[in-house]
Structures are given as C-alpha cells and as structure tokens.
Amino acid sequence: MLTSRPRGTEDILPEEVGRWYLLEATARQVSRLYGYREIRTPVFEHTELFNRGVGDTTDIVEKEMYTFTDRGGRSLTLRPEGTAPVVRAFLEHHLEAGGLPVKLFYLGPMFRYGRPQAGRLRQFHQFGVEAFGSRDPALDAEVIALAMDFYNRLALKDLELHLNSVGCPACRPRHREKLQDYLRPHLADLCPTCQGRFERNPLRIFDCKSPVCQEIVAGAPTIAASLCPDCGQHFERVQEYLQELEIDFILDEHLVRGLDYYTNTAFEIMVKGIGAQSSIGGGGRYDGLVAALGGKPVPGIGFGLGLERVLLALESQGRELMPGGGVDVLVVTAGAGVERVAVRLLASLRAAGLKADKDYLGRSLKAQMKYANRYPAKLVVILGEEELARGQVLVRRLDSGDQEEIPLDAAAAYCRQEKERGF
Ligand SMILES: [Zn+2]
Ligand SMILES: [Zn+2]
C-alpha cells in the first residue's frame with residue numbers, strides 16, 4: 001500500500017519529464033503567440049461550481065467527481081475540468097474591467113473518477129484556453145487554429161478537425177422538437193439511459209455508445225437544418241475564416257454538446273492510432289456559461305485537451321520526444337587536494353549557463369569517466385594535480401576523445417563556447 005500509487009495515477013519519472021517540459025513549453029509558447037495569458041486556479045473548488053458549470057446531468061458530475069467534505073463541513077471537489085474554475089476566477093476578479101476580450105490559458109492536473117485505461121487517468125493533465133467577451137467568428141477560428149498549431153508544433157500527424165454548430169437558445173428548441181418527433185417511434189428501442197434522455201436532453205442521445213442508439217440517431221434531423229439566420233451566418237463565417245487559415249475540417253452534424261449554455265461552434269480533434277476513442281481535444285462556444293455561473297451574459301469560447309492523450313498519440317506515431325537528462329560538463333577529479341577547485345569550477349560552469357555536475361561518491365578516475373559516459377556528459381573537465389600546479393585543466397570531448405589543455409580560469413568560457421558551437 002505505502003509503496004504503490006493510487007489506481008489511475010502516474011508518477012512522471014525523471015526519464016520521462018523531458019517530454020512534459022516539451023509539451024508544456026509548446027503550450028505556453030503557442031498561447032503567448034496568440035495573446036493568451038496564463039491563469040492558475042486552485043485544484044479544488046466548491047462542489048456547486050461544477051454542478052452548475054459542468055452540468056449535473058453529465059457523466060462527469062453524476063459519476064466522476066472527487067468530492068469531499070473538509071474539516072469545516074464544506075463540500076469541495078477536485079477540479080474535473082478547467083473551464084468552470086476559469087470562469088469563476090474571471091467573475092471573482094472582474095477581469096473584464098481590464099478590457100475585453102480576456103484571453104486566458106491554463107495548464108495543470110484535473111481529476112476524474114473514471115475507469116483507468118491507456119491515456120485516461122484519474123489524475124490527468126490538461127491544456128486549455130478560454131476567451132471571453134466576443135462573439136466574433138474570427139475568434140472561434142483563432143481558438144481552433146491555436147489548438148491545431150499546438151499539435152502541429154509537436155509534429156502530430158493524421159489529425160481530423162470535426163466541426164459543427166449547436167445553435168443558440170432561440171433555434172435549439174425547434175431542433176429539439178424535430179428530434180423528438182423523429183425519435184418517438186423508436187423510443188422503445190433506445191437504451192434505458194437514452195429513454196431517460198429523451199425528455200430531459202435528447203441531444204445527448206448522439207453521445208450514446210450503444211450501437212442500437214447510434215443506428216437510430218444516424219438518420220435523425222441535424223441541427224444545421226434548424227439553425228436561425230444569425231447562427232447560420234456565424235457558422236458560415238467560422239468556416240470561411242478556417243479556409244482563410246488553410247485549416248481543413250470535416251462538417252460533423254452529430255458533434256453535439258448537450259448543455260444549454262453551449263452555443264454555436266463545437267469542434268473536436270481526432271487522431272488515428274490511439275484506439276476507438278480517438279479524440280485528443282475539443283471545445284466550443286459557451287455564450288451562456290458566464291451568466292449560468294452568476295455573471296452578466298459575457299460570451300466565451302475555449303478548448304481543452306488531455307496531455308496524456310497527446311503523448312500517447314505521439315508515441316503511436318513513433319515520434320521521439322527529447323530523451324532529457326544528461327549534462328554539458330562533468331567535472332572529474334584526479335588526485336588529492338583538488339576538491340575545493342572542483343567545487344569552485346562547478347559553480348562557475350553553472351554561472352555560465354552550463355548544465356554541470358561532479359562526482360559525490362569518491363569514485364576513482366576510471367569510475368568517474370564511466371559515470372560521465374553513463375550520465376551522459378558532452379565534456380569532462382579533468383582536474384589533475386600536475387596540471388593544476390601549472391594553472392591548467394584538461395577538457396575532453398566524450399564523443400571523439402579529443403582533449404585540450406586550457407587555463408583553469410578560462411575553462412568555463414571555453415566550455416560555454418563549445419556548447420554554443422553545438423559541442
Ligand atoms: Zn440560433
Ligand atoms: Zn443509448
């Protein structure tokens with residue numbers, strides 16, 4: 001028990017952390033290029049926030065939340081997603097006062113009590129963006145472009161962007177009626193869950209995994225046919241902007257988001273090679289969410305993606321993500337009385353911006369050289385008594401074995417130069 005981690009969690013070991021640095025750096029870089037600034041919210045929030053902000057008829061809220069009562073008797077929940085906390089912070093700090101739109105991104109762990117499987121953990125990590133304050137379809141296209149840019153910079157291939165519009169509170173009731181009229185004759189054939197959804201939220205029947213339900217909804221009337229002129233125009237302009245950006249998309253009439261505050265644009269990015277559930281991110285517009293959480297009606301759009309899923313997809317495509325580890329220089333001591341010089345040289349190497357280390361186990365010269373190869377180091381600086389007496393050190397390249405005598409006080413600058421030349 002004490003030496004095993006909880007089910008559905010992962011340790012990110014030092015050998016693997018380099019891949020995470022790359023993902024996180026890419027996320028931050030892309031976000032900044034598009035004018036999104038980072039926001040960090042707590043990992044737990046009042047449970048009520050998710051009941052309202054995610055929707056209490058969703059699987060997340062019904063079955064997957066880590067909810068607990070704290071010592072003060074409050075019901076708190078580990079965040080299962082990032083949007084509701086960001087909206088809460090947007091309202092709490094009156095971020096709109098700084099001028100709209102407000103464009104934010106987040107990066108961090110989320111928690112859902114699901115059945116653990118490849119790329120789906122109970123503690124997983126998400127990257128997401130949210131933009132508040134504009135209904136401009138160019139902003140929808142920007143958010144989609146940002147997501148695609150993130151994948152492209154990681155050289156992820158075989159992506160499919162699925163796109164739909166889910167309309168607005170004005171046009172959705174019409175579609176709902178048509179959908180119910182269509183489904184009514186099949187009601188007895190739907191799975192029990194979907195029979196329950198029929199009245200409450202028939203759109204969610206599109207999400208059902210049951211082959212029978214899927215077959216039934218395959219012929220159902222689409223939202224596209226029921227969009228009001230305003231929503232139809234918005235959707236067309238999103239598509240035009242995507243074409244302008246040369247981003248390919250597939251119109252997917254069955255892509256729905258079953259909650260009332262989702263409006264207009266809905267999108268999902270699929271990738272081949274990571275099994276049946278091949279979505280690696282998605283998002284859309286939620287013009288009703290800020291008001292649903294107690295604010296003024298401020299429109300919003302965003303996306304979220306699971307980083308473990310992205311890693312899995314990259315691995316399945318054979319993409320090698322930097323191995324990490326290693327140092328630029330290992331300081332090696334040969335002979336007695338050079339330890340103090342070694343400590344000082346190490347400090348000056350690090351001050352020069354070099355990754356540097358030394359032996360701390362009193363290894364022999366031969367064992368230190370082995371250590372340097374295993375680390376691996378690009379260069380070793382060998383401190384020998386005889387050379388030091390002349391104020392010199394030996395700098396050796398590990399790849400070629402070439403070495404050179406350099407004055408001790410020029411060693412850090414020399415190593416730095418070698419690094420800048422790419423060793
Ligand atoms: Zn509409
Ligand atoms: Zn069903």
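At a Förster radius of 56 Å, what calculated FRET efficiency corresponds to the Cβ-Cβ distance of S364 and K296, to the nearest 0.05? Don't jump to the answer; show the numbers that get you there.
Working: r = 72 Å, r/R0 = 1.28.
Given R0 = 56 Å and the Cβ-Cβ separation, E is 0.20.
Given R₀ = 41 Å, what would the calculated FRET efficiency be for T9 paired with E405, taking r from the Cβ atoms and rounding to 0.05? Walk me through the numbers before you get to the answer.
On the way: r = 52 Å, r/R0 = 1.26.
Efficiency for this residue pair is about 0.20.
Taking just the C-alpha trace of the chain, give me its Rg and Dmax in Å.
Cα radius of gyration and Dmax of the chain are 27.9, 96 Å respectively.
How far apart, in nm, are the 7 Å Cα→Cβ label points at R397 and C191?
6.2
Within the chain, what whole-number % of the accessible surface is contributed by carbon and sulfur, with the 1.4 Å probe and all protein chains included in the calculation?
Looking at the chain in its full context, I get 51 percent from C and S.
Using 1/(1 + (r/R0)^6) with R0 = 35 angstrom and r between the beta carbons of R28 and A224, what's the FRET efficiency to the nearest 0.05?
0.45
Over the chain, what is the relative contact order in percent, taking alpha-carbon pairs closer than 8 angstrom and at least six residues apart?
This gives 15 percent for the chain.
Given the DSSP H assignment, sum -39500 (n - 2.57) over each helix run of at least 4 residues in the chain and divide by its residue total; what's the result at 222 nm in deg cm²/dmol, nearest 500?
Helix contribution divided over all residues of the chain: -10000 deg cm²/dmol.
State the antiparallel share, in %, of DSSP beta bridges confined to the chain, rounding to the nearest 5.
On the way: 51 of 65 bridges.
If I count the DSSP bridges inside the chain, around 80 percent turn out antiparallel.
Nearest-5 percent of antiparallel DSSP beta bridges in the range 280-381?
Within the range 280-381, antiparallel bridges account for around 35 percent of the total.
With every protein chain kept in place and ligands, DNA and RNA left out, what is the accessible area per residue of the range 48-140? Probe 1.4 Å, answer in Å².
Working: 4180 Å² over 93 residues.
I get 45 Å² per residue for this part.
If a paramagnetic tag sat 7 Å from the Cα of R37 along the Cα-Cβ line, which residues of the range 63-90 would have the backbone N under 19 Å from that point?
85-90
Ranked highest first by average number of other Cβ atoms within 10 Å, how do 403-409, 373-379 line up?
So the peptides 403-409, 373-379, ranked by packing, come out 373-379, 403-409.
Rounded to the nearest 20 Debye, what is the dipole magnitude of the range 331-423 about its Cα centre when Lys and Arg each give +1 and Asp and Glu each give -1 at the C-beta?
420
Can I get the semi-axes of the range 43-145's equivalent ellipsoid? Compute them from the C-alpha gyration tensor as square roots of 5 times the eigenvalues, in angstrom, largest first. Don't skip to the end; give the middle numbers.
Numbers: eigenvalues 139, 67, 27 Å².
Taking √(5λ) for each eigenvalue gives 26, 18, 12 Å, largest first.
Between A155 and H46, what is the label-to-label distance in nm when each label sits 7 Å out along the Cα-to-Cβ direction?
Taking the simple label geometry, A155 and H46 are separated by 4.8 nm.
The values are calculated or read from the model by the stated rules, or taken from the named source; none is laboratory data. Note that the coordinates shown come from a computational prediction; the quantities given were computed from them, not determined experimentally. Heads up, the Cβs are rebuilt from the backbone with ideal geometry, glycines too, and the neighbour counts pull from every protein chain shown. Surface areas here come from the heavy atoms of the whole protein model, side chains and all, with no ligands, DNA or RNA. Shrake-Rupley method; radii C 1.70, N 1.55, O 1.52, S 1.80 Å.
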